[in-house]
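Q: Right, I'll just put the structure down here and ask away after.
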């Protein structure tokens with residue numbers, strides 16, 4: 001599998017991870033891996049359950065990370 005963002009830019013790079021939100025393959029240059037507050041996991045492409053999963057690092061593409069962080073900031077205000 002090749003990185004979606006690299007392919008969009010005319011480059012080719014192998015996938016290092018899959019975005020938990022949209023399911024796109026991303027290379028190590030385009031993935032973001034951090035603890036993200038995700039409230040309802042059932043709406044994402046990977047089905048996860050359990051309280052322990054709230055505190056694990058999740059892999060996101062840049063687009064989904066930006067959208068989630070924008071929404072989290074709006075909720076916190």
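Q: Could you check the simple spin-label distance between residue 35 and residue 11, using points 7 Å along Cα→Cβ, in nm with one decimal?
A: Modelled inter-label distance: 3.1 nm.
Q: Also, quick follow-up: Fewest to most neighbouring Cβ within 10 Å: what's the order for 31, 60?
A: 31, 60
Bear in mind that the values in this text are calculations on the coordinates, not laboratory data. This structure is a prediction, so every number in the text was calculated from the model and none was measured. Methodologically, a virtual Cβ is constructed for each residue, glycine included, from the backbone with ideal geometry; neighbour enumeration extends over all protein chains shown.
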